[in-house]
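As structure tokens, the structure follows; a few thoughts come after it.
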Amino acid sequence: MSKTHAFIRYIFFCIFFAVGIAVIFLSIKADEIYSLYESSSMLEQTVIANQRLVSLNSEYDMQLQTIENDPNIIVRLKAVELGQQPQRDETVFPDAPDEIIAIAKEALRNDDNLKPADSTIPQWASRITEPKIRKGLFFAGAALVLVSFVCFGTPKPKEPDDKYILK
């Protein structure tokens, strides 16, 4: 066997063996891989929620500061919150129909930022946790390792010819 032939066999052996071991490892560690992606997704959602809370706190602080600086705002807020009609001379305050007020309140309640972000877990990570696929991956990896040893392992040594043996 020539050196190039032996080198090619070695390369194929390394490729098949490495892929087989990687697939076996993947099938064994599937739950941990899924857990890793799940926890990173949860961390991302928590960071987004924390950022939202920080922005709400800063908005509320600004509103409280505005109320402290302008006492007339309290009077206006009192009228709005208690449902009282403001009374001013020579001013008309239009009434909105109840349907429009209900739509506006619903729009204010629906806050898209409070909804959790879409899951960033890759589809392959969730699929490899299924028992049938895990078994299939394990046996496919074992088959690749077996193929690498059988087909590309060390070749059987040649038997010497009888004509070269001294008797």
In degrees from 0 to 90, rounded to the nearest 10, what is the angle of the helix 98-109 Cα long axis to the longest principal axis of the chain? 40 degrees
So the angle from the long Cα axis of helix 131-152 to the longest Cα principal axis of the chain, reported in degrees to the nearest 10, equals 30 degrees
Of every hundred units of 1.4 Å-probe accessible area on the chain, the number belonging to carbon and sulfur atoms, as a percent, is 62 percent
What list of whole percents do you get for P(r) of segment 1-46, with Cα-Cα distances grouped in 5 Å bins up to the one holding the largest distance? 5, 19, 12, 13, 11, 10, 9, 7, 6, 4, 3, 1, 0
Which angle between 0 and 90 degrees, to the nearest 10, do you get for helix 72-82 versus the longest principal axis of the chain when only C-alpha atoms count? 80 degrees
Let me test this: with uniform point scatterers at the alpha carbons of the chain, what is the Debye-based log₁₀ I(q)/I(0) at q = 0.10, 0.17, 0.18 1/Å? -0.73, -1.13, -1.18
How much accessible area per residue does the chain have, counting only protein heavy atoms and a probe of 1.4 Å, in square angstrom? 85 Å²
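The values are calculated or read from the model by the stated rules, or taken from the named source; none is laboratory data. All of these numbers come straight from a predicted model, not from anything done at the bench. Just so you know, the surface numbers come from the protein's heavy atoms only, side chains and all, with ligands and any DNA or RNA stripped out. Shrake-Rupley method; radii C 1.70, N 1.55, O 1.52, S 1.80 Å.
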